[in-house]
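Presented below is the structure to which this report refers.
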């Protein structure tokens with residue numbers, strides 16, 4: 001398996017997986033927002049990045065998007081792993097773990113302070129994998145929707 005930054009040639013495979021990811025979360029994301037997200041991932045001046053996992057045939061089987069940002073408790077960057085998705089055909093093959101391992105390697109190479117993410121409490125398969133890779137915290141998330 002190859003893990004590398006997403007590139008413009010990956011758009012078709014990414015869009016298919018992105019749509020499957022949005023459907024998994026029952027999210028109706030406007031096509032213009034999907035296009036903007038893809039452009040942000042490719043934009044070198046954006047703080048949004050993407051990694052892709054490719055099988056030996058060169059097919060995109062998973063991705064992760066992350067946002068790098070400063071924070072108030074350290075002078076170092078932290079990263080929010082915002083999206084992680086693996087196609088059904090690639091599940092239980094270590095794809096998610098490989099994506100997170102590559103993100104961790106980037107974090108260590110660039111001296112980030114930490115990587116953090118959230119998932120739904122009922123996403124038991126993902127949580128089983130995450131419990132092996134990271135420490136679950138007791139933080140509770142709150143939101144104010146501004147529509």
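Just so it is clear, none of the values below were taken in a lab; they were calculated from the coordinates. Everything quoted here is computed from the prediction, not taken from an experiment. Glycine gets a Cβ as well: all are built from the backbone with ideal geometry, and neighbour counts include every protein chain shown.
Estimated from the Cβ-Cβ distance and a Förster radius of 35 angstrom, the FRET efficiency linking residue 123 and residue 57 is about 0.80. What is the range 61-108 by shape, rounded, prolate or oblate, if you read a ≥ b ≥ c off the alpha carbon gyration tensor as root eigenvalues and call it rounded for a/c under 1.5, prolate for a/b larger than b/c, and oblate otherwise? Note, shape of the range 61-108 comes out prolate. Helical runs (DSSP H, four residues minimum) scored at -39500 (n - 2.57) apiece and divided by the length of the chain put the mean residue ellipticity at 222 nm at -11000 deg cm²/dmol. Taking a ≥ b ≥ c as the square roots of the eigenvalues of the Cα gyration tensor, the range 90-147 is classed as oblate, since a/c reaches at least 1.5 and a/b does not exceed b/c. Across the range 30-73, Cα-Cα distances exceeding 16 Å account for 53% of all pairs. Diffusion of the range 2-133 by Stokes-Einstein, at 20 °C in a medium of 1.002 mPa s and with Rh set to the Kirkwood radius over alpha-carbon pairs, works out to 139 µm²/s. Fewest neighbouring Cβ atoms within 10 Å first, the residues 54, 24 line up as 24, 54. Between residue 147 and residue 73, the modelled labels are 3.3 nm apart [label points 7 Å from Cα along Cα→Cβ]. Restricting attention to the chain, close to 85% of DSSP beta bridges with both partner residues there are antiparallel. Under the simplified labelling scheme, the residue 140-residue 32 pair shows an inter-label distance of 3.7 nm, with each label point 7 Å from Cα along Cα→Cβ. Modelled this way, with points 7 Å down the Cα-to-C-beta line, the labels at residue 9 and residue 105 are 2.0 nm from one another.
In percent, rounded to a whole number, the relative contact order of the range 7-135 is 18, using alpha-carbon pairs under 8 Å and six or more apart.
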